[in-house]
Amino acid sequence: MDARRSETAVPPAAYRELSDYLRQSGSTLTTTEAIVRALQHWMAAQRETRVPLQGYQWKCLFLPEGSQVRMRFGDTWHYAEVMGDEIMYRSRVVSPRQLTMAIAGDGRNAWRDLWIRRPGERDWTAAYLLRRRMEQQAIIPPASPMEAMRAAAGSMSDALKTALTLVNHVSLHAENQVERRLPKHRRVEDFMIDDCKRD
């Protein structure tokens, strides 16, 4: 069997299933055309979902390259775009805060006033909602109450072990520390000073 042919061959069962579907649905596409279109759609979807190499990191929120940012001021929508690692507005590099200031002046909250549409998304989403989703994803609740109790007990056990280690360490140092002024542990020079004081 030719290796090249086996790489491009569609399994016969899948080919028949597709042919039957096209015939039953009344499609004008041939089976080969349908396969080509399916592959093209799949490749386009893979390109869109590929992790971007560049983008703007806005605190906890990552805006991939190609993301659009907009803000409404008065009756007008103002648009900016993430190009590379920067947000560009009117050919200037801006931060989200600088964007709101350039559009509406001081006293605006970028999280509240900006709307984001990332590549592959159809709808615009308020920045504060995206931030809230990111924060909620960071908080992962325990799977069950029993697991939560087990985690709490483990933390308490670790804290207790640490406290006992500290107590033992302090006790050991307290026992070994010798009072310097006790006669049997004094240096000869210390006795000489005492003798001088008596004179």
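Can we say Arg108 is free of Cβ contacts under 8 Å to residues at least 60 places away in the same chain, assigned to a loop (DSSP other than H, G, I, E, B) and within 13 Å of Met71 (Cα to Cα)? Yes. The residue that is surrounded by the fewest Cβ atoms within 10 Å (Cβ to Cβ), counting only those in the stretch 114-129 that are in contact (Cβ under 8 Å) with a residue 24 or more places away in the chain and assigned to a loop (DSSP other than H, G, I, E, B), is Gly120.
Hydrophobic (A, V, I, L, M, F, W, C), within 24 Å of Ala127 (Cβ to Cβ), in contact with a helix residue (DSSP H, G or I) (Cβ under 7 Å, 6 or more places away or on another chain) and at pLDDT 85 or above, is that true of Val82? Even if it seems obvious, please write down each step before you answer.
Values: hydrophobic (A, V, I, L, M, F, W, C): yes; within 24 Å of Ala127 (Cβ to Cβ): yes; in contact with a helix residue (DSSP H, G or I) (Cβ under 7 Å, 6 or more places away or on another chain): no; at pLDDT 85 or above: yes.
It is false that Val82 is hydrophobic (A, V, I, L, M, F, W, C), within 24 Å of Ala127 (Cβ to Cβ), in contact with a helix residue (DSSP H, G or I) (Cβ under 7 Å, 6 or more places away or on another chain) and at pLDDT 85 or above.
Scanning the stretch 1-19 for residues that are exposed (fewer than 10 other Cβ atoms within 10 Å of the Cβ) and either at pLDDT below 60 or polar (S, T, N, Q) (or both) turns up Met1, Asp2, Ala3, Arg4, Arg5, Ser6, Thr8. Would you check which residues across the stretch 94-134 are of a type in the set (Val, Ile, Thr) and within 24 Å of the chain's Cα centre (by Cα) and list them? Answer for the stretch 94-134, where residues must be of a type in the set (Val, Ile, Thr) and within 24 Å of the chain's Cα centre (by Cα): Val94, Ile116, Thr125. Being assigned to a helix (DSSP H, G or I), closer than 30 Å to Ser95 by Cα and either free of Cβ contacts under 8 Å to residues at least 40 places away in the same chain or polar (S, T, N, Q) (or both) is a property that holds for Arg132. Answer with yes or no whether Leu63 is outside the structural domain of Tyr21 (by TED's automatic domain parsing), in contact with a Lys or Arg (Cβ under 9 Å, 6 or more places away or on another chain) and either among the acidic types (Asp, Glu) or surrounded by 15 or more Cβ atoms within 10 Å (Cβ to Cβ) (or both). So Leu63 passes the test.
Among the residues that make up the stretch 116-139, is at least one of them over 30 Å from Gln46 (Cα atoms) and among the polar types (S, T, N, Q)?
Here is the first cut: in the stretch 116-139, the ones over 30 Å from Gln46 (Cα atoms) are none.
Checked the stretch 116-139: no residue is over 30 Å from Gln46 (Cα atoms) and among the polar types (S, T, N, Q).
Identify, from the list Gln177, Gln98, the residue that is of a type in the set (S, T, N, Q) and modelled with pLDDT of 90 or more.
On the way: Gln177 fails: modelled with pLDDT of 90 or more.
Just one listed residue meets the conditions, Gln98.
Residues that are outside any helix (DSSP H, G or I) and either touching a residue at least 60 places away in the same chain (Cβ under 8 Å) or within 24 Å of Asp106 (Cα to Cα) (or both) within the stretch 40-66 comprise Pro52, Tyr56, Gln57, Trp58, Lys59, Cys60, Leu61, Leu63, listed in sequence order. Of the set (1) within 20 Å of the chain's Cα centre (by Cα); (2) at pLDDT 90 or above, all apply to Gln137 but (2).
The values are calculated or read from the model by the stated rules, or taken from the named source; none is laboratory data. Everything numeric here is computed off the predicted structure, so don't read it as measured data. Counting neighbours? That spans all protein chains shown, and the Cβs are built from the backbone with ideal geometry, glycine included.
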